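The values are calculated or read from the model by the stated rules, or taken from the named source; none is laboratory data. The shown structure was predicted, so the numbers you read here are calculated from the model rather than taken from an experiment. Reconstructed Cβ throughout: ideal geometry from the backbone, glycine too, with neighbour counts over all protein chains shown. Ligands, DNA and RNA are stripped out before the accessible areas are found, and what is left, the full protein with its side chains, is counted by its heavy atoms. Shrake-Rupley method; radii C 1.70, N 1.55, O 1.52, S 1.80 Å.
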Amino acid sequence: MVDGGNGDGDGTRVVRAGLPEEEPYAPPLPGPVLAAHYHLPGDPPPESFGPGRDPRGVPYTYGRDNNPTWTGLERAIGELEAPGDETARTTVFASGMAAISAVLLSRTKPGDVVVLPSDGYNLLIPMRERLEGYGVEVRTAPTGGDAQLEALDGATLLWIESPSNPGLDVCDIRRLADAAHERGALVAVDNTLATPLGQRPLELGADYAVASGTKALTGHGDVLLGYVTCRDEELAASVRLWRKTVGAIPGPVEAWLAHRSLATLELRTARQASNALAVAEALRERPEVSDVRHPGLPDDPAHEVAARQMRRFGCVVSFTLPDKGFAERFLAALRLVGEATSFGGVRSTAERRGRWGGDAVPEGFVRMSVGVEDAADLIADLRTALDVAGRG
Ligand SMILES: *Cc1c(COP(=O)(O)O)cnc(C)c1O
């Protein structure tokens, strides 16, 4: 695999990410620490994680502030988002939305100007309304074609989602980040779809890499999690203070499951990306399937920029079937692909995205998350389901 930035390949780095120093007779990955408070004699130690403090955020005082299981996971994610960079500071949250809210709500004040993608994750719509309610001006523009560039004058924060969910458009992160920084704006990138093995926003110029760990990062559909990684001490401290204030903390068991899942991140994302490409190519051969999108397809509109800034193209394939009824018959006829929302799991899933009403997509639009099954089995299943759906 491609060099990970500190000499070792991705597969080597993920199995060791965030592990403590080896100690005789101790487990390689210590189990979850279930503690609401810690022994704390005398005066409390200085608030951890602030400027000049330990970037891992120790010592431990109270369970809403910190936990050793979070520390291990935060160190692991930091190593993956910013290999070899000791200053990277990661804060884990109860969900991706908790992480997104921490950046958007901890940094913005009345009069600020925030630029969001118009085609991003569907909860950015209520987020926009909330920000506007707080007196923040919100502008939106599509991800494709770097259209957010036009909205940057006077901006204080630029929010990028690339590839976008569910449309799979891509923007040039470096170009947008440079333009935003010239105007004094901070830049956050939602890295959920790519995972840190697929894309490293901080190296592309972003101030924050933000993601839902619920999807491909943990990959088994059994954990909700989010994180924010940034280098700047003050930005990191304000994200961490937000977590403590709002209390959107992950459970120690979830944090431990997530850390355990990271060991297979390279295997999962490599298999999912190759399966996704094979599925996309097979779907394209079918006349009833249109607008097949996957950033790894060499002639996809997003491919050229994606190939410059991404190291893996992810597990999501989107396509459009003739109408709502066709899509519903197709989904019901699949044997190996479960009908479910979310993506990134080891088991393939798909859904008719229009059923939620939030995204601007055709009624027959399907978002498929390709798992780690055998590609030939998945393709055979998709072909059979298309035949069944076509018979009406
Ligand atoms: C799922 C998702 C989120 C929200 O994450 P949760 O863990 O469900 O809160 C945010 N951004 C993107 C791109 C997502 O796909």
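What number comes out for the charge environment of Thr108, summing +1 per Lys or Arg and -1 per Asp or Glu over other residues with Cβ under 12 Å away?
+1
How long is the gain from Ile125 to Glu233 if the chain were fully straight, where each residue apart is worth 0.36 nm and the alpha carbon distance is subtracted?
35.9 nm
Ignoring ligands, DNA and RNA, please state the percent of accessible area on the stretch 265-390 from carbon and sulfur, probe 1.4 Å.
Carbon with sulfur: 53 percent of the solvent-accessible area.
State in Å² the accessible area per residue of the chain; use a 1.4 Å probe, count heavy atoms of protein chains only, and round to the nearest integer.
I get 42 Å² per residue for this part.
Less than 20 Å from a label point 7 Å out along the Cα-to-Cβ axis of Ala360: which backbone N atoms in the stretch 312-336 qualify, by residue?
From the stretch 312-336, the list is 318-321.
Under the Kirkwood approximation applied to all pairs of distinct alpha-carbon atoms, what is the hydrodynamic radius of the stretch 265-390 in Å?
Its Kirkwood hydrodynamic radius stands at 14.5 Å.
For the chain, modelled as a Gaussian network with Cα springs under 10 Å, which listed residue fluctuates most, Pro24, Pro252, Pro83?
Comparing Pro24, Pro252, Pro83 in the GNM, the peak value goes to Pro24.
From the phi angles alone, apply the Karplus equation (6.51, -1.76, 1.60; θ = phi - 60°) to the stretch 303-309 and give each ³J(HN,Hα) in whole Hz, x where the residue is Gly or Pro.
Running phi through 6.51 cos²θ - 1.76 cosθ + 1.60 with θ = phi - 60° gives 5, 4, 5, 4, 5, 6, 10 Hz.
Most mobile of Gly251, Gly63, Gly358 per a Gaussian network model of the chain (Cα springs, under 10 Å)?
Gly358
Which value does Rg/Rh take for the chain over its C-alpha atoms, Rh per Kirkwood?
0.98
Hey, which lysines would be in cross-link range of Lys324, C-alpha to C-alpha under 30 Å, not counting anything within fewer than 8 residues on its own chain?
Filter leaves Lys215.
Which number do you get for Rg(Cα) / (2.2 N^0.38 Å) in the stretch 185-235?
Rounded to two decimals, the normalised Rg is 1.16.
Which of Ser238, Ser369, Ser318 moves the most in a Gaussian network model of the chain with Cα springs under 10 Å?
Ser238
Distance between Cα centroids, the stretch 185-244 to the stretch 289-347: provide it in whole Å.
Comparing the Cα centres of the stretch 185-244 and the stretch 289-347, I get a distance of 23 Å.
I want to verify the translational diffusion coefficient of the stretch 241-284 in µm²/s; compute it with Stokes-Einstein, Rh as the Kirkwood radius over Cα pairs, at 20 °C and 1.002 mPa s.
161 µm²/s
Let me have the 222 nm mean residue ellipticity of the chain computed from DSSP H runs of 4+ only, each contributing -39500 (n - 2.57), with the sum over all residues rounded to the nearest 500.
The per-residue figure over the chain is -10500 deg cm²/dmol.
Select from Leu149, Ser106, Pro44 the residue farthest towards the positive end of the dipole of the stretch 10-262; place +1 on Cβ of Lys and Arg, -1 on Cβ of Asp and Glu, and compute about the Cα centre.
The Cα lying farthest towards the positive end belongs to Pro44.
Taking the Cβ of Pro32 as the center, what net charge do the other residues with Cβ under 12 Å away carry, scoring Lys and Arg +1 and Asp and Glu -1?
0
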